[in-house]
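Working notes, beginning with the structure itself.
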Amino acid sequence: MSYSPGLENVPATESSISTIDLEAGKIWIRGYSLEELAMECTYEEVAHLLIYGHLPDTRELNEFRRKLVDESLAPKEVLDILGMLPKDMHPMDLLKTGIAALSGFDPELENSDIEANRRKSVRILAKTGFLVGNLGNIREGGFRLFRSDLGHAANLLYAIIGRRAESWELKAFETAFILYVEHELAASTFAARVIASTMADIYGAVVGAVAALKGPLHGGANEKALEIFQYDVEGAEKFVRERLARKERVMGFGHRVYRRGIDPRAEVMKNVLAELCNRIGDDRLYRVAVRVEELMANEKNLYPNLDFYVAPVYKLLGISPGLFTPIFVASRVAGWCAHVIEQQAANRIFRPRAIYTGPRGQKISGRG
Ligand SMILES: CC(C)(COP(=O)(O)OP(=O)(O)OC[C@H]1O[C@@H](n2cnc3c(N)ncnc32)[C@H](O)[C@@H]1OP(=O)(O)O)[C@@H](O)C(=O)NCCC(=O)NCCS
């Protein structure tokens, strides 16, 4: 048996959901370019594409939008549980607990056929958005209801910032939100598929995926990437050089699949950051980002991933850092659900082997 550490370049499943096409420099989501979806569609359209396999027509879109609002309010018991947890618990841990608790209220929990999984996906999507938007509010003992006159991303932002976002703010937020929605077999998605392959329920798979996403090498990187942006250009350069000298990682750089160039999603967010900086008439964050990007390319031949450019955009939108990774969850949950549906529709349990490096034949007796 040979093995590849971290399963690098090992195909672990077949999937018709998405792929990273390095030659074309694109991410295809069921045949559509993710970057184009992010510029031209709403989040609901892309989530529908993932869960039902096609972009919705007008009737389907209206119905899907309505369900995402109607199904959003989490049960009082779940809100009470979250309200009782320690105030200093990380929002990702609150969210993990919240989604686990939601499973107890889903009447179809144990039904894993395709249609039941799709119905549950819509409920999970709606309620995860609600919980993420309200994580801060629940701690203060309240919440903001999702509104039927707003789309999913707009509702989330409304719950977070406490007012209806300006159209330019929403455009920046929703572009990032869509770019996060699906990315082939990322660690969290693989975790979800492994859990689903035991025919455990979809909530369990999503909770496992949230746990995986929290790590700073994965989704947690967007919160950590913010550190660089507290500095001016010279300060950021010093910060990065010092980290590299100590052989520490610079968060928001590097990617297992994009080895020799920028993540195409980061390219889109770089433009969004430039536009935001223009609008507010202060380009410090953009200058910092570009300088750090140049430095990392020269020093390490490493390039930014999506998280690097999302961090300053969220900062400019006034979103608190603890919510950066939960917002990633609220988006990616559509991708995870699509993978669980696909996995369970034609399942075989994941059961790889390990190359054993320990001893054999140890004697239990005679230990002294
Ligand atoms: C994403 C990531 C986990 C990929 O890991 P990987 O494919 O296993 O890559 P490796 O850890 O083997 O890294 C290869 C080399 O690049 C270096 N490297 C990778 N990412 C780095 C970073 N962000 N900063 C500094 N050095 C980095 C490693 O130290 C290693 O150097 P070495 O060969 O001298 O030891 C890794 O790039 C990383 O930790 N990035 C920062 C976290 C992040 O932004 N995550 C979000 C991903 S979307």
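Residue check: Glu110 meets all listed conditions (1) in contact (Cβ under 8 Å) with a residue 60 or more places away in the chain; (2) of a type in the set (D, E, K, R); (3) not in a loop (DSSP other than H, G, I, E, B) but one, namely (3). As a summary of the residue check, Val340 satisfies the conditions (1) within 12 Å of the ligand (Cβ to nearest atom); (2) at negative phi except for the one numbered (1). Just one of the listed residues (Ile51, Ile29) is away from the ligand (no atom under 16 Å from the Cβ) and out of contact with any Phe, Trp or Tyr (no Cβ under 9 Å at 6 or more places or on another chain), namely Ile29. Against the definition (within 16 Å of the ligand (Cβ to nearest atom), in a helix (DSSP H, G or I) and either modelled with pLDDT of 95 or more or among the aliphatic types (A, V, I, L, M) (or both)), how does Pro312 come out, yes or no? Spelling it out, Pro312 is indeed within 16 Å of the ligand (Cβ to nearest atom), in a helix (DSSP H, G or I) and either modelled with pLDDT of 95 or more or among the aliphatic types (A, V, I, L, M) (or both).
For the subset of the range 241-277 comprising residues that are small (Gly, Ala, Ser) and within 12 Å of the ligand (Cβ to nearest atom), which member is surrounded by the fewest Cβ atoms within 10 Å (Cβ to Cβ)?
First, pick out the residues of the range 241-277 that are small (Gly, Ala, Ser): 245, 252, 254, 261, 266, 274.
Of the ones still in play, those that are also within 12 Å of the ligand (Cβ to nearest atom) are 245, 252, 254, 266.
Working: Ala245: 8, Gly252: 29, Gly254: 20, Ala266: 25.
The selected residue is Ala245.
I'd like to know if the range 167-183 contains one or more residues that are at pLDDT 95 or above and either over 30 Å from Arg287 (Cβ atoms) or in the same structural domain as Lys270 (by TED's automatic domain parsing) (or both). I'd like the intermediate steps shown before the answer.
Filtering the range 167-183 down to residues at pLDDT 95 or above leaves 167-183.
Of the ones still in play, those that are also either over 30 Å from Arg287 (Cβ atoms) or in the same structural domain as Lys270 (by TED's automatic domain parsing) (or both) are 182.
Within the range 167-183, one or more residues are at pLDDT 95 or above and either over 30 Å from Arg287 (Cβ atoms) or in the same structural domain as Lys270 (by TED's automatic domain parsing) (or both).
Tyr203 passes every criterion in (1) surrounded by fewer than 24 Cβ atoms within 10 Å (Cβ to Cβ); (2) in a loop (DSSP other than H, G, I, E, B); (3) under 17 Å from the mean Cα position of the chain (by Cα) apart from (2). For the range 220-232, the condition of being closer than 30 Å to Arg119 by Cα and either more than 9 Å from the ligand (Cβ to nearest atom) or more than 22 Å from the chain's Cα centre (by Cα) (or both) holds for none of the residues. The set of residues from the range 284-300 being of a type in the set (Asp, Glu), exposed (fewer than 15 other Cβ atoms within 10 Å of the Cβ) and either under 18 Å from Tyr231 (Cα atoms) or away from the ligand (no atom under 16 Å from the Cβ) (or both) comprises just one member, Glu294.
As for the range 203-213, it holds at least one residue that is under 30 Å from Thr97 (Cβ atoms), within 12 Å of the ligand (Cβ to nearest atom), at pLDDT 95 or above and of a type outside the set (Gly, Ala, Ser).
Of the residues making up the range 184-202, those that are closer than 16 Å to Ala100 by Cα and away from the ligand (no atom under 16 Å from the Cβ) are Ala192, Ile195, Ala196, Ala200, Asp201, Ile202.
Here's the yes/no breakdown for (1) in contact with a helix residue (DSSP H, G or I) (Cβ under 7 Å, 6 or more places away or on another chain); (2) over 30 Å from Met89 (Cα atoms); (3) in the same structural domain as Met92 (by TED's automatic domain parsing); (4) part of a helix (DSSP H, G or I):
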position: Arg279; (1), (2), (3), (4): yes, yes, no, yes
position: Glu293; (1), (2), (3), (4): no, yes, no, yes
position: Glu299; (1), (2), (3), (4): yes, yes, no, yes
position: Phe328; (1), (2), (3), (4): yes, no, yes, yes
position: His339; (1), (2), (3), (4): yes, no, yes, yes
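Here Val181 fulfils each of the conditions (1) assigned to a loop (DSSP other than H, G, I, E, B); (2) more than 16 Å from the ligand (Cβ to nearest atom) apart from (2).
Here is the figure for the range 229-248: residues that are in contact (Cβ under 8 Å) with a residue 24 or more places away in the chain and either in a helix (DSSP H, G or I) or over 14 Å from Arg284 (Cβ atoms) (or both) total 7. Screening Lys26, Lys87, Lys76 for residues that are modelled with pLDDT of 95 or more and loosely packed, with under 11 Cβ neighbours inside 10 Å leaves exactly one candidate, Lys76.
Taking the options Lys224, Lys214, Lys238, name whichever one is farther than 13 Å from Met92 by Cα, in contact with a Gly (Cβ under 8 Å, 6 or more places away or on another chain) and surrounded by fewer than 24 Cβ atoms within 10 Å (Cβ to Cβ). Let's see the steps before the verdict.
Working: Lys214 fails: farther than 13 Å from Met92 by Cα; Lys238 fails: in contact with a Gly (Cβ under 8 Å, 6 or more places away or on another chain).
The match here is Lys224.
Okay, residues lined up against (1) under 24 Å from Gly133 (Cα atoms); (2) of a type in the set (Lys, Arg); (3) over 18 Å from the mean Cα position of the chain (by Cα):
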| residue | (1), (2), (3) |
| --- | --- |
| Asp283 | no, no, yes |
| Val310 | yes, no, no |
| Val313 | yes, no, no |
| Thr325 | yes, no, no |
| Trp336 | yes, no, no |
| Arg353 | no, yes, yes |
| Arg360 | no, yes, yes |
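Taking the range 91-107 as the range and being loosely packed, with under 15 Cβ neighbours inside 10 Å and outside any helix (DSSP H, G or I) as the test, only Pro107 passes. Please specify each residue of the range 12-55 satisfying the condition of being small (Gly, Ala, Ser) and within 21 Å of Ala266 (Cβ to Cβ). The answer is Ser18, Ala24, Gly25, Ser33, Ala38.
Results for (1) of a type in the set (Asp, Glu); (2) over 24 Å from Lys270 (Cβ atoms), shown as yes or no for each residue.
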site: Glu299; (1), (2): yes, no
site: Ser331; (1), (2): no, no
site: Gln344; (1), (2): no, yes
site: Arg348; (1), (2): no, yes
site: Thr357; (1), (2): no, yes
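The values are calculated or read from the model by the stated rules, or taken from the named source; none is laboratory data. Bear in mind that the values here come from a model prediction, so they are computed numbers and not experimental data. A quick note on method: Cβ atoms are made from the backbone with ideal geometry, for glycine too, and the neighbour counts reach across all protein chains shown.
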